[in-house]
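> The structure under discussion is supplied below as structure tokens; questions concerning it will follow.
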């Protein structure tokens, strides 16, 4: 969406390919873009029969995508991985439409591995070993404009946080990270010893259970539980440290200049969340707590230790700012526009 906005700023017409059962079916029209739907699903590699069916479906979707590209008179195609990117990228090669790929994780996903050799450019969020040369460009991952534009003073006023109050943001994605969600309430609301504020963006799945548990917690003062925010702009601006998973949102953390305590999701594809977390850790911008080590006492000590050490907190924040690539969306948009006129 961030790249699409930059393309629009340059005068390009932007439309989407997606599926009806994914979030783009709502988000894309709400943002004012046209979308064409394909019938395609992810390939379940654990079930050969389902995988074969999905592959056949993808071949049919490539034909449908080719028709869309011709009808839309597309000058370029940008693929972001996922279910639709494979058929869309194949359609681009069949119609000789310039293809630009983006990879959000620290390894190439299946669709991008298959299509990389046919792309004009592959824009990487992270440096990836073996993926170098003119075809590959490390751009970082695009972040929403709201994250870059958020005002700390206004955000803190919104949540009633004083100028000198240290604050941790707990965040686990739109649905929520269950182990992080419940460990945070236990560590910061049911244990004694917290001397900082908590903003907890729980996601919708666990919100009611967490709300009931927080309501009975003995140390709930200074702990605000939020089910959903349309973006991370205000909550990141208001906080000093983030506790959360290490998926693509880490680029929003760094764009906001926020250090983190990261809990990689242990079942992420190719263990990419652990690789993401280590990227921040190596730079000095994050500490890592493994999911199976989410002991409440340790979590309270880890978060409290960072927030209570002003020098360490500032060094981690500076390291996060060094990692940030706030112009990623613009850089990728420029690559698409360049490909379109070659």
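> Mind pulling the angle between the C-alpha long axis of helix 48-72 and the longest principal axis of the chain? Nearest 10 degrees, somewhere in 0 to 90.
With rounding to tens, the tilt is 70 degrees.
> Can I ask one more? In Å, what Rg and Dmax follow from the Cα atoms of the stretch 7-159?
Expressed in Å, the Cα Rg and Dmax of the stretch 7-159 come to 17.3, 55.
> How far apart, in nm, are the 7 Å Cα→Cβ label points at residue 301 and residue 95?
In this crude spin-label approximation the distance works out to 5.9 nm.
> While we're here: Helix 178-188 versus the longest principal axis of the chain: what angle, 0 to 90°, nearest 10, using Cα atoms?
20 degrees
> Mind pulling up the Rg/Rh value for the stretch 86-175? Radius of gyration and Kirkwood radius, both on Cα.
1.19
> Treating the angle as unsigned and between 0 and 90°, give the value, to the nearest 10°, between the Cα long axis of helix 296-307 and the longest Cα principal axis of the chain.
Tilt relative to the chain: about 90 degrees.
> Return P(r) of the stretch 37-123 (all Cα-Cα pairs; 10 Å bins starting at 0; whole %; ordered from short to long distances).
Result, from short to long distances: 19, 50, 28, 3 percent.
> Over all distinct alpha-carbon pairs, what is the Kirkwood Rh of the stretch 146-323 in angstrom?
About 15.9 Å, per the Kirkwood formula over Cα pairs.
> If neighbour count is taken as other Cβ atoms inside 10 Å, put 9, 315 in order from fewest to most.
Least crowded to most crowded, the residues run 9, 315.
> Another question about this same structure. Beta carbons within 10 angstrom, averaged per residue: use that to sort the peptides 204-214, 83-93, highest first.
83-93, 204-214
> Something else about it: With the cut-off at 13 Å, report for the stretch 130-185 the share of all Cα pairs above it, as a whole percent.
77 percent
> Evaluate 2.2 N^0.38 Å with N set to the residue count of the chain, then give the Cα radius of gyration divided by it.
Compared with the compact-globule rule of thumb, the chain sits at 1.05.
Here, each number is a calculation from the coordinates, and none is a lab measurement. Since we're looking at a predicted model, the values are computed, not measured. Ideal geometry is used to build each Cβ from the backbone, glycine not excepted, and the neighbour counts take in all protein chains shown.
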